[in-house]
Every structure is written in structure tokens, then in C-alpha cells.
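The values are calculated or read from the model by the stated rules, or taken from the named source; none is laboratory data. No experiment lies behind these values; they were computed from the predicted model shown. A quick note on method: Cβ atoms are made from the backbone with ideal geometry, for glycine too, and the neighbour counts reach across all protein chains shown.
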Amino acid sequence: MTTLANYLNTHANHPALNDVITTVTDVGKTISQLLRKGALADILGEAGNQNVQGEDQKKLDVLANDLLLDALAKNAHCAGVASEELDDATPANPDGSLLVLFDPLDGSSNIDINMAVGTIFSILPYQRQGQNSENSDFLQAGNQQLAAGYLLYGTSTVLALTITDNVVMFSLDPDTNEYVLIEENVQIDADTSEYAINASNYRYWRAPMQQYIDELIAGKTGVRGRDFNTRWVAAMVGDVHRILCRGGLFTYPFDTKDANKAGKLRLMYEANPMSLLIERAGGAATDAVNRILDIVPNDIHQRVPVVLGSRNEVAYVKDLHVKHADK
């Protein structure tokens, strides 16, 4: 039996990175316990305020954010922390060598209906040791990530992690409270017949995305010549986990529903860590045309369109967008 601690000591060869990952995943154990208690722990319902994105916060949104922030601030290797829930990054330990970004509870609207939610995290190098970290220190392209992963709190708690050139999965053993290795080399099939998208926004999409979905819906009777299935968890963690387990495509494309949110997902907290996982599992991740991991951010709360999953399907979406642009 390989535990997370065993795996990190064997594969990471980076004591600071190991320690920060351990801090995040230990907090994940606490969040998992709170979710299992649900209403008994008084974590359901609204917190009564909004986050920096203008979204209503759930009670556990706030609690998970505070738990992660407090734990990482105490970690000597963590120079700064950025949360999706907070306006600005929080300086931690100036002598630390790492920066951590997180979405404390992705899919939090699922909490009250007992559906899957998760924690997403990304770890970057810190270049100005000895000085307090600032927002600008976090503005690194996703290809600079030293590690990324998520904790999925579902029927079981699962950790997906990448620290080298592959993706591994662990399951939290409720008897020992240890993360145990369950998959050593996650791989995504290049082709798929399964996709995830919020179809209610169809009227706001660009023409090539509308064409793409029209083709999938046409199935055997259309140009694709085969039927496709729709799956939608309404939490990126759940949809990405399904893709890592059995392939597929997930997209939250550019839309015109809200001029300030043309891309709904956050580059630093969601798109970058998930793209690193997907690419290292053999998939692809773009904004419909450009590689997500090559985007140099201009703001820690920057939003981007996302198309990720089985690489041939991601390439097909890109081709439609390029052809449309050429016209």
C-alpha cells in the first residue's frame, strides 16, 4: 500500500513542495469530514455575503477558505496564498519558495443538495525570497506550475495530483485517514463520444461553438457519424474527474451573457491547474484556440474560456474556430 507521504518522498524530491502539498491535503481531510456531517455541522446554506467575483458565498465556502489560508500561512515554505474568494493575495512567509493558489470549494452550489464538490490547487515558484509577496508574483503562465491537483469530495474523497510528468490518484481511507494510491498513471483516450457543457447558454455562444454542439446533437445523422452523450456535474472538479477516469470533453466556452465574464472560469484557480492535469494525462486544454498553459495572466482573477479533455475532440473544436475566423 502506497500512501501519499510515501509517494511524495519517493517521487517529488522537493521537501518544500512535499510539505505544502501535505498541508493542502490535510486541510482536505477536515473539509471532507465537515461535508460528511452536512447539516449536523451547520455548514449548509448561505454565508450572507459575496466573494470578489460577486457570487453569493456558502457557509462552507468561507470555512474552507479560512482553513486553507490559516494552514498555508503557517507553512514556512509558503511565501504567499491567493484564493478565488479574496480580492488580493495574502503574503505569508517571505523566506518561502512557493506560492499557492486555490479554489477552496469548487461547485459549492452543490453542497446543499449533497452533490460532488471539490478543492482545486496550484503551486508556483516564488522568485523574490526575503520580500513580501504581491499579486504580481502570482502572474505566471500555467506552464510554470510545480504541482497541481484537486480533492473531489464525493461518495469517497479522491485526490488527483501531478508533480512530475504524469497524473496519479489517491483515495482517502476512512479507516486510517490516509490517502492511498489507487492509480499510478492516469491516461485519457484521444477520442470520445461524451461531452459536458451548460447548454442553457447556447444563444450566447459564438457561431463555431454552436456549430460544434449542433453536430454532436445530430449524432449518427450528422457529419460526425456517431452518437454523443451529454454529462454535466455543475462542478468543474466532478466533470474533470470523469474525464480523467473515462475520457470526454468539458467546455465552458466564450459567451456574451455577461460582458465582464466572457469566460466564466478563472485562469489561475481553475483553468491552469486542471489544464496541467489534463495535459499530463494525455489530453489537451485550450481557450478554444490557444493553449491554456501558455496564457500569461494579467490579473489574479482573470477569466478564460475553457475547452479540455480528449485531445482529438479539443483539436476538432479548435479547427472549427480557426475556420470560422478565416471566413
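Residue-level check: of (1) surrounded by 15 or more Cβ atoms within 10 Å (Cβ to Cβ); (2) under 30 Å from Gln144 (Cα atoms), Ala259 misses just (1). Could you tell me which of the residues Gly219, Gly130 is assigned to a loop (DSSP other than H, G, I, E, B) and either on the phi > 0 side of the Ramachandran plot or under 17 Å from the mean Cα position of the chain (by Cα) (or both)? The unique qualifying residue is Gly130.
Test Leu172 against the criterion of being in contact (Cβ under 8 Å) with a residue 12 or more places away in the chain and either closer than 14 Å to Tyr7 by Cβ or surrounded by fewer than 24 Cβ atoms within 10 Å (Cβ to Cβ) (or both), and give yes or no. Yes.
Going by what's in this entry, would Leu105 be described as crowded, with 21+ Cβ neighbours inside 10 Å, more than 15 Å from the chain's Cα centre (by Cα) and outside any loop (DSSP other than H, G, I, E, B)? Write out each step before concluding.
Values: crowded, with 21+ Cβ neighbours inside 10 Å: yes; more than 15 Å from the chain's Cα centre (by Cα): no; outside any loop (DSSP other than H, G, I, E, B): yes.
The answer is no for Leu105.
In the stretch 249-256 there is at least one residue that is within 17 Å of Val289 (Cα to Cα), within 20 Å of the chain's Cα centre (by Cα) and β-branched (Val, Ile, Thr).
Of all the criteria given as (1) more than 30 Å from Met169 (Cβ to Cβ); (2) of a type outside the set (A, V, I, L, M); (3) part of a helix (DSSP H, G or I), the one not satisfied by Lys257 is (3). Looking at Ala116, Ala89, Ala148, just one residue is over 13 Å from the mean Cα position of the chain (by Cα), at pLDDT 95 or above and among the aliphatic types (A, V, I, L, M), and that residue is Ala89. For the stretch 54-75, the candidate set comprises residues that are closer than 21 Å to Lys264 by Cα and assigned to a helix (DSSP H, G or I); within that set, the residue that is modelled with the lowest pLDDT is Asp61.
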